[in-house]
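Questions regarding the structure given below will be posed in turn.
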């Protein structure tokens, strides 16, 4: 046992003497949180919409007043007057404007006659974010225009009352669970993958192998050290990320305990997986080459970026065996929902079994000789 | 190439239970045989050298003896324990200094030693004492709190040696302990190893491709070439086994086809080796007589001698005698050969 802790001691001393590992393992997730959190999920502002008015009637004026209100208040778009519909459509295609609204002739008359009035909206759907945002604004505007000024005493339309269980979750908050898992993955990849193979190549393991240390002590010593590094990374990023994203859940002791459990089992799972992949690798280039591939294979199918329910069957199958899926789900359950142990019990169980399983497979594969 | 020497694999001191006993040991990687049935034994307290060029099989031999790689066939007995059957018992008896510098550069000298003492299960009370002793032995006491990466190459090599001794082993294996060191550091390491031998009664087995190192340090030397043991004996025995007591190196200003033949015909000359254009290495039973003859020969032919030197037989001559080529040739070749990728099989 003392020999196992000697390995842990060596790894931890080395870790604290080279803070570069810790900084680098957290730099990518923090940058991702700040840059992607601010870049994505924000509202579209300042788009240009061409308006081709063939009607010039009172109802067309109402629409244009609505456009002016949007331009002044929520600033989603400003309008540009066009005389020629073909030119407006061409300018949408070439990107001079983001969309074009066409108010046809006789529009006002058809509104008054309740004769299926229509407005045309030409959008550049190669940019789904801008086009869907403009569509949504237009729908709201049309809906407001068609609402009777005097409400009937008995509502005939079915109303949908939406109740949001949690405070508003912006994209940065949504990304935080992914970033915590990513920080731990990078820590394991560098600390448990790259440095492990570098030590092998430099002959450090040769030094261990001539001592009476057993295979079990060596494997578990290396894995305990790797898991501790990932736990430290996970804790640091949970605190920094929560403060950056404005999540106060870390100030609740029970949530902290749940988060700690999630961080520990995630570390064991990631470390076990990495050790299994690296157990027979000798070439220092291999973990470096695998870094990006594994990142894509593990992070994107996990539901960290997009719901797994939208995946095709084969990608959903990958998500089921991906430890990232359970890590992200677990962190999301605590950080965004404060769901308690009930919400993470299956994540904890899967990650723990996954970690122990991979270690059990890796131990006999570990060579006690060169 | 000369015929292999009559090799005695017995220990020099004739001990009944040698510290190291290697019997018909073989290492095969697929079809390639790195070590081809080597036998030798090393007595308690002896410094034994494995001398040979890069790729001769020295490191493979040492790695088999230190449990680092499995033995294909044959056996190695270390301190009475079979390496294949009782590897843990062997590991407790030995200290090993690998070729690479494997001490952790981020840890201090003392931390490196402490970690290894723990890996050898040295009791806590004994640990501090052992660390102090080995630091004293390798003259690194005042550097105990220095980070290893701040040490010079020679000091790091001394730390490696201290690390291998921190658990008081009976047998010490050193794989090319002075490779990469400057001449001053190399001599310091030799002095230190001699001191350790005198104070600790250690049995040492070292590999080297430096003739001078083997000559200065080793009680006995085994010359290894292409995985076989071609000669074994004390440095004096090996040198005496080479015909010719002196080596004359002569450089003529002009190369002619006849020089080799003319030199071989001189009295007392046993062999002539052309080193480069006009440059010859002559083994002779009488250096002074051959020198005189050479001067006379050059004068009679109207040729000029650029340089002429006489020296006693060296281990280099022993190597040439048994392998048919110079060790320095192998070393030069190795400079122009890409080193194996880290982690590749030796």
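Values quoted throughout were computed directly from the atomic coordinates according to the rules given, and no laboratory measurement underlies them. Bear in mind that the values here come from a model prediction, so they are computed numbers and not experimental data. Please note: Cβ atoms are built from the backbone with ideal geometry, for glycine as well, and neighbour counts cover all protein chains shown.
Determine the gain in length on full extension of the stretch residue B:304-residue B:84; use 0.36 nm per residue of separation and subtract their C-alpha separation, reporting nm with one decimal.
73.0 nm
For segment A:268-309, what is Rg from Cα atoms divided by 2.2 N^0.38 Å, rounded to two decimals?
1.37
Could you work out, residue by residue across B:113-121, how many beta carbons of other chains sit within 10 Å of that residue's beta carbon, and then give the average as an integer?
Average neighbour count from other chains, rounded to a whole number: 6.
Could you tell me the relative contact order of segment B:243-312? Use alpha-carbon pairs under 8 Å, at least six residues apart, and round to a whole percent.
Rounded, it is 47 percent for segment B:243-312.
If R₀ is 22 angstrom, what is the calculated FRET efficiency for the pair residue B:195 and residue B:236, using the beta carbon separation as r and rounding to 0.05?
Taking R0 as 22 Å, the efficiency between residue B:195 and residue B:236 is 0.45.
Just check segment B:17-109 against the gyration tensor rule for me: Cα atoms, a ≥ b ≥ c as the square roots of the eigenvalues, rounded for a/c under 1.5, and otherwise prolate or oblate depending on whether a/b exceeds b/c.
Oblate is the answer for segment B:17-109, as a/c is 1.5 or above yet b/c matches or exceeds a/b.
Checking a compactness column here: for segment B:20-234, what do you get for Rg(Cα) / (2.2 N^0.38 Å), N being the number of residues?
The reported ratio for this selection is 0.99.
Right, another one. Enter the angle in degrees (range 0 to 90, nearest 10) between the Cα long axis of helix B:124-137 and the first principal axis of the Cα atoms of chain B, meaning the one along which they spread out most.
20
Something else now. Would you please put B:273-281, B:196-204 in order of how densely packed they are, using the mean number of other Cβ atoms within 10 angstrom per residue and starting with the highest? Don't skip to the end; give the middle numbers.
Details: B:273-281: 14.9, B:196-204: 17.1.
Ranking, from highest mean packing down: B:196-204, B:273-281.
For segment A:3-109, take N as its residue count and report Rg(C-alpha) divided by 2.2 N^0.38 Å.
2.14
Per residue of A:3-14, count partner chain C-beta atoms within 10 Å of its C-beta, then hand back the mean as an integer. Walk me through the intermediate numbers first.
On the way: counts 5, 2, 1, 8, 3, 0, 5, 10, 2, 0, 8, 5.
That works out to 4 on average.
Mind jotting down the distance between the C-alpha centroids of segment A:97-131 and segment A:291-354, whole Å?
Spelled out, the Cα-based centre of one part sits 42 Å from the other.
For a test of the definition: using alpha carbon positions, the gyration tensor, and the 1.5 limit on a/c, classify segment A:223-264 as rounded, prolate or oblate.
It comes out oblate by the Cα gyration axes.
What residue among B:111, B:264, B:255 shows peak mean-square fluctuation when chain B is described by a Gaussian network model with Cα springs under 10 Å?
For chain B, modelled as a Gaussian network with Cα springs under 10 Å, the answer is B:255.
Separate question: Can you tell me what the convex hull of the Cα atoms of segment B:126-253 projects to on average, as an area in nm²? Provide the component values of the computation, followed by the final result.
Numbers: hull surface 45.6 nm².
Value for segment B:126-253: 11.4 nm².
Let me ask something additional. Once both axes come from the Cα atoms, what is the angle between helix A:285-299 and the longest principal axis of chain A, in degrees from 0 to 90, rounded to 10?
The angle comes out near 40 degrees.
Quote the Stokes-Einstein diffusion coefficient, in whole µm² s⁻¹, for the protein assembly as shown, based on the Kirkwood radius over alpha carbon pairs, a temperature of 4 °C and a viscosity of 1.567 mPa s.
40
Using only atoms on other chains, find how many Cβ atoms lie within 10 Å of each Cβ of peptide B:100-108 and report the average.
5
Let me ask something additional. For chain B, what's the relative contact order in percent, using C-alpha pairs closer than 8 Å and at least 6 residues apart?
Relative CO of chain B lands at 20 percent.
Next up: How many angstrom lie between the Cα centre of segment A:137-151 and the Cα centre of segment A:152-205?
When both Cα centres are located, 38 Å separates them.
Considering only A:113, A:255, A:269, give the residue with the highest GNM mean-square fluctuation for chain A, with springs between Cα atoms whenever their separation is below 10 Å.
A:113
Under the 0.36 nm per residue contour assumption, what length would be gained going from the current alpha-carbon distance of residue A:198 and residue A:291 to full extension?
Length difference between fully extended and current span is 32.0 nm.
If you don't mind, another one. I'm a student and want to see the number: the projected area of the Cα convex hull of segment B:243-312, averaged over all directions, in nm².
3.9
Using the basic label-point model (7 angstrom from Cα toward the beta carbon), what is the residue B:314 to residue A:320 distance in nanometres?
Between residue B:314 and residue A:320, the label points sit 7.3 nm apart.
Counting other beta carbons within 10 Å of each residue's own, what order do B:58, B:27, A:200 fall into, fewest first?
Values: B:58 26, B:27 23, A:200 20.
Lowest count first: A:200, B:27, B:58.
Simple spin-label model, 7 Å along Cα-to-Cβ: residue A:254 to residue B:226 in nm?
Label-label distance for residue A:254 and residue B:226, simple model: 7.9 nm.
Right, here's the next one. How high is the FRET efficiency between residue A:216 and residue A:342 when r is their beta carbon distance and R₀ equals 35 Å, given to the nearest 0.05?
E between residue A:216 and residue A:342, to the nearest 0.05, is 0.50.
With everything on Cα atoms, drop me the angle between helix B:109-119 and the longest principal axis of chain B, reported from 0 to 90° to the nearest 10.
Value to nearest ten degrees: 70.
Take chain A, connect every pair of alpha-carbon atoms lying under 10 Å apart with a spring to form a Gaussian network, then pick out the residue of A:349, A:140, A:285 with the largest mean-square fluctuation.
Top of the fluctuation ranking is A:140.
What is the distance, in nm, between label points placed 7 Å from the Cα along the Cα-to-Cβ direction at residue B:295 and at residue A:310?
Taking the simple label geometry, residue B:295 and residue A:310 are separated by 9.8 nm.
Based only on other Cβ atoms within 10 Å, what is the fewest-to-most ordering of B:306, B:291? Spell out each step's value before the answer.
Details: B:306 12, B:291 19.
By the 10 Å Cβ count, ascending: B:306, B:291.
Could you give the spread of the C-alpha atoms of chain A along their three principal axes, from largest to smallest, in whole angstroms?
95, 47, 37
Mean separation of Cα pairs under 8 Å and 6+ residues apart, divided by the residue count of segment A:1-119: what relative contact order is that in percent? Please report the intermediate quantities before stating the final value.
On the way: 120 pairs, mean separation 32.4, N = 119.
In percent, rounded to a whole number, it is 27.
Right, something else. Treating segment A:47-145 as a set of equal point scatterers at the Cα positions, no solvent, please give the Debye-formula log₁₀ I(q)/I(0) at q = 0.13, 0.24 Å⁻¹.
Here log10 of I(q) over I(0) equals -0.42, -1.36.
Please give the FRET efficiency for residue A:65 paired with residue A:163, using the beta carbon to beta carbon distance and R0 = 35 Å, rounded to the nearest 0.05.
On the way: r = 33 Å, r/R0 = 0.95.
The pair residue A:65/residue A:163 has a calculated efficiency of 0.55.
Hey, another quick one. Evaluate the Debye formula for segment A:234-286 with equal point scatterers sitting on the alpha carbons, no solvent, and hand back log10 of I(q)/I(0) at q = 0.23, 0.31 Å⁻¹, in q order, two decimals.
-0.85, -1.15
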